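Comments concern the structure below.
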Amino acid sequence: MAKEKKVKIKSEKDNGKLVLMIGVILIVCSVILLGISVYIMKNNTNPKEVEEKDAKVIPLKQKESYETENIVIILPSKDNPNKRMSFTFYVGFELDKKSKDLKETKTMLEESKGFIKSKISGLLSDKYSEDMLKQNSKEDISQEIFDMMNEMLDTDSLVEVYIRDFLYK
């Protein structure tokens with residue numbers, strides 16, 4: 001009977017070591033797989049995406065700015081149509097100095113000052129004062145103006161649109 005107890009105790013100890021060994025092996029395998037997946041994620045960039053991102057980044061010394069006169073729009077509130085807010089700002093256009101269309105674009109912007117100002121006012125006239133007061137409103141408006149101007153100008157020299165001195169009362 002004493003021999004049977006010793007045999008059972010030894011087999012239980014062996015089972016414990018076996019479970020511990022399997023656990024360690026699983027942990028090591030999961031760490032190796034995690035490292036491989038992180039490596040793949042870091043190096044898995046699409047070359048087209050990298051080219052597109054790099055193509056849009058133009059150094060500051062290669063940009064030229066053109067700004068509109070101040071634009072003033074008065075917008076109603078969504079909640080109370082009788083309540084109105086006045087918004088004043090300048091719209092700036094960043095142009096690529098190395099573009100072949102730079103001279104034409106500058107001339108077109110200068111000759112069409114009033115028309116551009118009118119188109120921007122028209123674009124924003126459908127908005128409400130609450131839309132203009134949102135946190136990212138300047139970026140959203142800049143993107144809308146950029147899209148509109150790209151369509152109007154049909155040039156590759158327009159790089160960015162920005163809004164300056166955004167005031168409201």
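Determine, for each peptide in 135-148, 71-84, 88-101, the mean count of other beta carbons within 10 angstrom over its residues, then list the peptides with the highest first.
Numbers: 135-148: 14.9, 71-84: 12.5, 88-101: 16.9.
Put in order of decreasing packing, that is 88-101, 135-148, 71-84.
Can you tell me, using C-alpha contacts under 8 Å and at least 6 residues apart, the relative contact order of segment 56-130 as a whole percent? Display every interim value, and only then the final one.
Details: 87 pairs, mean separation 28.2, N = 75.
Taking the mean separation of contacting Cα pairs over the length of segment 56-130, I get 38 percent.
Once the mean 1/r over all distinct Cα pairs of segment 96-169 is inverted, what Kirkwood radius in angstroms do you read off? Mind showing how you got there, number by number?
Numbers: mean 1/r = 0.0740 Å⁻¹.
When all Cα pairs of segment 96-169 are included, the Kirkwood radius is 13.5 Å.
Could you give me D for segment 32-162, from Stokes-Einstein at 25 °C and 0.890 mPa s, where the hydrodynamic radius is the Kirkwood radius over C-alpha pairs? Units µm² s⁻¹, please. Provide the component values of the computation, followed by the final result.
Details: Rh = 17.4 Å.
Translational diffusion coefficient: 141 µm²/s.
Values quoted throughout were computed directly from the atomic coordinates according to the rules given, and no laboratory measurement underlies them. Nothing here was measured: the structure is a model prediction, and the numbers come from that model. In this analysis, Cβ positions are derived from the backbone assuming ideal geometry, glycine residues included, and neighbour counts consider all displayed protein chains.
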